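Notes to accompany the following structure.
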Amino acid sequence: MSTDLSQSDLGFSDPNPRRTTALWTRWQAVLIPIVSVVLALAVGGILIWLQGVNPFTAYKVLFTSALGTEAGLLRVMQKSTPLILTGLAVVVGLRAGLFNIGAQGQLVVGALGAAVAGYALHLPPVIHVIAAIAIGMVCGAIWSSIAGVLRAYRSVSEVITTIMLNAIALSLVDYLASKPLKEEGQPLSRTPEILDSARLPTFGVVPIGFVIAILVAIFFGWFLVRTTSGFRFNTVGLNANAARYAGIGVRGTIVLAMAVSGALAGMGGSIESLGVVGRFEPAFNAGLGFDGITIALLARANPMATIPAAILVGTLRAGANSLQFETGIQPEVVDVILALTLLFVAAPIVSRMIFRNRTKQRQLTSGWGV
Amino acid sequence: MKRWWPWALTAILVALCIVYYFIDATKTVSVLQFSLRYAIPLILAAMVGIICERSGVINIGIEGQMLMSAFAGFFGASITGSLVLGALIGVGTGMIMGAMLAVGAVTWKMDQIIAGTVINILATGLTSFFYAQGHMLPANMPTMEVPLLSSIPLVGPVFFINGPFAFAALIIVVVLQVMLFRTIWGLRTRSVGEKPSAADTSGINVQRTRFLNVTVAGALAGLAGAYLSLEAAGTFERGFTAGRGFTALAIMIFGAWNPIGALGAALFFGLAEGVASQLQADEVVAIPQQFTNMLPYVLTIVLLAIVSGRVKPPASVGKPYEKD
């Protein structure tokens, strides 16, 4: 398998120099996601049209409500923040050959941890925020490490454990927020409000959390390509046996990659608690984890590319509600559009049909065993 | 592979059931009936996993295949007004979903885990978009009785009075066990999953065998989905399958990729769930609802942690076949 590790783009197909030039391959890495999104929007448009609504009007409503107003822009950025981070969580896992489909669970555990730290600790302003985010990240990391340790030491597939841990996390936080950590004298099950010192502020229309997420994505763009740890992740992901032969501790790397992945998702939850919700409410964080998978594959496992991918998904999510309000189309149409995007981008549909690319498919995950 | 402990465990559990039957007959029967009903979709879905993985294809998309079939079966039955048509639509949908995985994982040689995940996410999106409230089944699924056998105490009411899907599931397990280890199809399937290059050399069409098996397995996932919406619940909700497709994969591993083994694992799983919900209902243990909800998921992880590494998957599972 010839893959240039210094390249930050982990394309899905091995570039074949005899057929396609390097430049054309690079172009495809940008074009395939774009064509996939356009195709998905077209199919979504047909679904909208079948419901008796003009798809152009519907999309105009969706995009103007999300991008046309200040409130809309704020919402897009708020929605994109955890998406960038869960997308990164999936990317980091994929680099090490792990498919973390449990970002959802790690996110809610992190969101609860940060919210509790937000009202229970009494610290000076900036330090309080940092401490609360750190606690949320540790919670997410602990949650994903269950899957990481089982994978590394018992070869249990992380795909099954992370999805099971999602369901367990949802029940667990539901219990904690409705019994021991519940706000006194409230009918809703939610934790008390966080203290002002733990709040993540918004400058103008730009939430600080969004800036943090972008900085983290840039950091990982550097970390995965330029550091020894990043190199270890990539090597284990590409060939665990070769990594072992080269003296890399495969088990340790798997546990670390999974913990980092969970910490990123936990950070997404923390920012949600500290910057948007102001407390923890179990109902607030639904469905974010699967979007992380779509974003990671749309970004072709490139950390920096998760930023535009997450903003796109965030825009669709932010506009979905006004779509229902103004045209009566169910907001779940966005789920279909995102699922189709994932289908087009992950399956070699676009690259085969449109670009006539018949190069070998790259294996991103490492199946059942180490 | 000779292992004594599954038999010991089975013997202990059966003995316990008989003892309890003499203490409280009605309660024992009702717990066991609940357990079997809980186990049926897991049994069917585990068979899907076994067929696919024995042919060398990981099917992580069972969940999505079941979800789509449960959806199509329920709304098919509700709109056409016929349970039989609904069941056929459900099974057909499962087969189409199976063919989808086959195209992705076999023809296009995609990363199999990603191909399955795409199916799961697509099924979640489509079923929640097209979901509509206010639909009902035209009738309840009839229960059937096997004459004579159904009058055996304890065993009769649990195994021999059931809906058609439950009977189908139990029969399929036995048929698959025989087919997998006693027929030419089984030998070919296993060889394609263990050593596709050798199978290819001896004239077996690896790609075609895998494609057909994954597609036919999809029909079983359709049966599992249709069972859930038409026979077990009589309704459909968003996210209806609740992770059963993944639990089934754990059961497949626990059963060492063997139909009978997986049957045992699924029944054990159902029994644990049945006993837990009975204890909850009797208020024997004061556990919050959320913790009983966690039980199947925790149990899945624990089972996997115990058994992984001790059983061996088919050697070429997850690897697309490339001709040299």
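A short reminder: the numbers here are calculations on the coordinates, not readings from a lab. Small disclaimer: the values here were computed from a predicted structure and weren't measured. We place every Cβ from the backbone using ideal geometry, glycine too, and count neighbours over all the protein chains shown.
See the values below:
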| item | result |
| --- | --- |
| Separation between Cα centres of the range B:1-47 and the range A:69-95, rounded to whole Å | 47 |
| Average partner coverage of B:103-115, which counts Cβ from other chains inside 10 Å | 5 |
| Where only alpha carbons of the protein assembly as shown are counted, the Rg and the Dmax (Å) | 25.2, 78 |
| Shape of the range A:22-353, Cα gyration tensor, a/c cut at 1.5 | oblate |
| Under the Karplus curve 6.51 cos²θ - 1.76 cosθ + 1.60, θ = phi - 60°, whole-Hz ³J(HN,Hα) for the range B:91-100, x wherever Gly or Pro sits | 5, x, 4, x, 5, 4, 5, x, 5, 4 |
| Neighbour-count order for A:Asp291, A:Asp335, fewest beta carbons within 10 angstrom listed first | A:Asp335, A:Asp291 |
| Burial order of peptide ranges B:296-306, A:109-119 (average beta-carbon count within 10 Å, highest first) | A:109-119, B:296-306 |
| Where a label projected 7 Å from the Cα of B:Ala233 along Cα→Cβ would reach, residues of the range B:259-283 with amide N under 19 Å | B:270, B:273-274, B:277 |
| Positive-end extreme of charge dipole, chain A - chosen from A:Ala259, A:Asn234, A:Phe56 (charges on Cβ) | A:Asn234 |
| Rounded, prolate or oblate (a/c below 1.5 giving rounded, otherwise prolate when a/b exceeds b/c) for the range A:162-204 by Cα gyration tensor | oblate |
| Rounded Å value of the spacing that divides the Cα centres of the range A:244-307 and the range B:148-205 | 40 |
| Test item: B:309-319 mean partner chain Cβ contacts at 10 Å | 2 |
| Helix-only [θ]222 nm of chain A, DSSP H runs n ≥ 4, -39500 (n - 2.57) each, per residue, nearest 500 | -22500 deg cm²/dmol |
| Cα centre as origin, Lys/Arg/Asp/Glu Cβ charges: the protein assembly as shown dipole, Debye | 2320 |
| Pairs of Lys in the protein assembly as shown closer than 30 Å at Cα, counting only those 8 or more apart or on different chains | 19 |
| Amide N of the range A:304-325 lying under 19 Å from the label point, which is placed 7 angstrom from the Cα of A:Thr69 along Cα→Cβ | A:314-325 |
| Table column - 3J(HN,Hα) (Hz), the range B:36-46, Karplus curve with 6.51, -1.76, 1.60, x for Gly and Pro | 5, 4, 5, 7, 3, x, 5, 4, 4, 5, 5 |
| Whole-angstrom gap from the range B:129-145 to the range A:163-200, using each part's C-alpha centre | 36 |
| Estimated translational D of chain B in µm²/s (Stokes, Kirkwood radius over Cα pairs; 10 °C; 1.306 mPa s) | 78 |
| Under-5 Å amide H pairs with B:Met144, H placed in peptide plane, nonlocal only | B:Asn162, B:Gly163 |
| Over chain B: helical MRE at 222 nm, DSSP H runs n ≥ 4 each giving -39500 (n - 2.57), nearest 500 | -23000 deg cm²/dmol |
| Residue-by-residue Karplus 3J(HN,Hα) for the range B:210-226, coefficients 6.51, -1.76, 1.60, Hz, glycine and proline x | 5, 4, 5, 4, 5, 5, 5, 4, x, 4, 5, 4, x, 4, 4, x, 4 |
| Cα-based equivalent ellipsoid of the range B:206-324: semi-axis lengths in Å, sorted from largest, via gyration tensor | 32, 20, 12 |
| Average beta-carbon neighbours from other chains, 10 Å sphere, peptide A:98-109 | 1 |
